[in-house]
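Engineer: I'd like to ask you about the structure that follows.
The values are calculated or read from the model by the stated rules, or taken from the named source; none is laboratory data. The structure displayed is predicted, hence computed values, not measured ones. Neighbour counts run over all protein chains shown; Cβ positions are idealised from the backbone, glycine included. Ligands, DNA and RNA are excluded from the accessible area calculation, which covers all protein heavy atoms including side chains. Shrake-Rupley method; radii C 1.70, N 1.55, O 1.52, S 1.80 Å.
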Amino acid sequence: MFRIAHLTDPHVGPLPRPRLKQLLSKRLTGWYNWHRSRQDMHDMELLAALVADIHAQKPDHITCTGDTCNIGLPEEWKTSRVFLEELGDPSRVTFVPGNHDAYVRGSLEGLMKEIAPWTRGDDGSEASFPYLRRYGSIAIVGLSSAIPTLPFVASGRVGSRQMKATEEILKALGEEPGCFRIVLIHHPPHVGGADPGRNLTDAKRFEKMLCRAGAELVLHGHNHVGSLAHLDGPRGPIPVIGAPSASARGGTLTHTAGYHLFTVGRDETGFTLMAERRGLKPDGTVGGLGMLSLARIRQPHEQS
């Protein structure tokens, strides 16, 4: 049995005070939006309570699918490192970046230098996507969909090189009996997963790649809501699960702060996968919110 916590979009604050020249870019709109509404939406005390709840569940591994930053300021790179240190040692915490982490040109590169250990593959490479981490029968494949975009655009892209490399990794892992493959990406990787301007622009290619290569689970963020979709895989439907923002206060159940706690198990016929929703409860505390309904996951050797 292997237990994995997935959180996303913490949008760690408060926002540092930028210099004037740092606002002469897309950062100006982000800075305005933060002070207009986002600073009230993202509650750091709530985020701390959610992280404490994660640690109380004692998962074997923690994954974070991006957006530790808000407008990509250099001071935010250091804050992101502190946040990841609070989550845990790089050997037990895996990170992939989001669009706010690549807010302007150079932001993603600066962040990756600061938090490289949390993006290190088993081959020793750091901040090189895709990367692979193995934990026994569990294989975690980290992708980056983070790219700098124009103001009012929050789309992402995997790109041809990364898409090809990901397919090769997933196919190789799929040839191993008893390997459970988890893909991490920030943007919803399926067509219609987000509105135009916020979507993964090569989602259709990603769907086709996953249909050929296969995976057992895909985790993402970006939409700030809990969601469940499925993509066609060579051995059946692949669950694609999005988590809400880890720091959002207010709104509906799916819009308030939360995370998912997955349990990957085995029985006599294959893998089992259970997912619990945990987060902000109506009484203001952080705790369990119920289970997600998931179909059984097939093992590689069961392929017909």
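Engineer: List the number of the failed condition for residue 55; all other conditions in (1) in contact (Cβ under 8 Å) with a residue 60 or more places away in the chain; (2) closer than 27 Å to residue 280 by Cβ hold.
Structural biologist: (1) is the only condition that residue 55 fails.
Engineer: Here's a follow-up. In the range 149-198, what count of residues is obtained for those that are of a type in the set (A, V, I, L, M, F, W, C), over 21 Å from residue 273 (Cα atoms) and in a loop (DSSP other than H, G, I, E, B)?
Structural biologist: Residues of the range 149-198 that are of a type in the set (A, V, I, L, M, F, W, C), as a first pass: 150, 152-154, 158, 163, 165, 169-170, 172-173, 179-180, 182-185, 191, 194.
Pick out the ones that are also over 21 Å from residue 273 (Cα atoms) and you get 150, 152-154, 158, 163, 165, 169, 172, 191, 194.
Now restrict to residues that are in a loop (DSSP other than H, G, I, E, B): 150, 152-154, 158, 191, 194.
Residues that pass the stated criteria total 7.
Engineer: A further question on this structure: Return the total of residues in the range 103-148 being part of a loop (DSSP other than H, G, I, E, B), open to solvent by 30 Å² or more (accessible area, probe 1.4 Å) and out of contact with any helix residue (DSSP H, G or I) (no Cβ under 7 Å at 6 or more places or on another chain).
Structural biologist: 9
Engineer: Related question: Does the range 243-255 contain at least one residue that is touching a residue at least 24 places away in the same chain (Cβ under 8 Å), of a type in the set (Gly, Ala, Ser), over 27 Å from residue 138 (Cα atoms) and open to solvent by 10 Å² or more (accessible area, probe 1.4 Å)?
Structural biologist: Checked the range 243-255: at least one residue is touching a residue at least 24 places away in the same chain (Cβ under 8 Å), of a type in the set (Gly, Ala, Ser), over 27 Å from residue 138 (Cα atoms) and open to solvent by 10 Å² or more (accessible area, probe 1.4 Å).
Engineer: Do we have any residue at all in the range 207-216 that's under 30 Å from residue 83 (Cα atoms) and in a helix (DSSP H, G or I)? It would help to see each step written out before you state the result.
Structural biologist: To start, the set of residues in the range 207-216 that are under 30 Å from residue 83 (Cα atoms) comprises 215-216.
The next check asks that each one be in a helix (DSSP H, G or I); those that pass are none.
No: zero hits.
Engineer: While we're here: For the range 217-233, which residues satisfy the criterion of being more than 21 Å from residue 97 (Cα to Cα) and surrounded by 17 or more Cβ atoms within 10 Å (Cβ to Cβ)?
Structural biologist: Matches in the range 217-233: 229, 231, 233.
Engineer: Looking only at the range 46-73, filter to residues that are among the acidic types (Asp, Glu) and either touching a Gly at 6+ places or on another chain (Cβ under 9 Å) or modelled with pLDDT under 95 (or both); which one of those is most open to solvent (accessible area, probe 1.4 Å)?
Structural biologist: Within the range 46-73, the subset among the acidic types (Asp, Glu) is 53, 60, 67.
Going one step further and asking which of them are either touching a Gly at 6+ places or on another chain (Cβ under 9 Å) or modelled with pLDDT under 95 (or both), we end up with 53, 67.
Values: 53: 18, 67: 2 Å².
Taking the candidates together, the pick is 53.
Engineer: Could you figure out which of (1) at pLDDT below 95; (2) touching a helix residue (DSSP H, G or I) at 6+ places or on another chain (Cβ under 7 Å) isn't true of residue 170?
Structural biologist: (1)
Engineer: If you don't mind, there's one more thing I want to ask. Could you check residue 100 against (1) modelled with pLDDT under 95; (2) open to solvent by 10 Å² or more (accessible area, probe 1.4 Å); (3) within 19 Å of the chain's Cα centre (by Cα) and say which number it fails?
Structural biologist: Evaluating residue 100 over (1) modelled with pLDDT under 95; (2) open to solvent by 10 Å² or more (accessible area, probe 1.4 Å); (3) within 19 Å of the chain's Cα centre (by Cα) leaves (1) as the failure.
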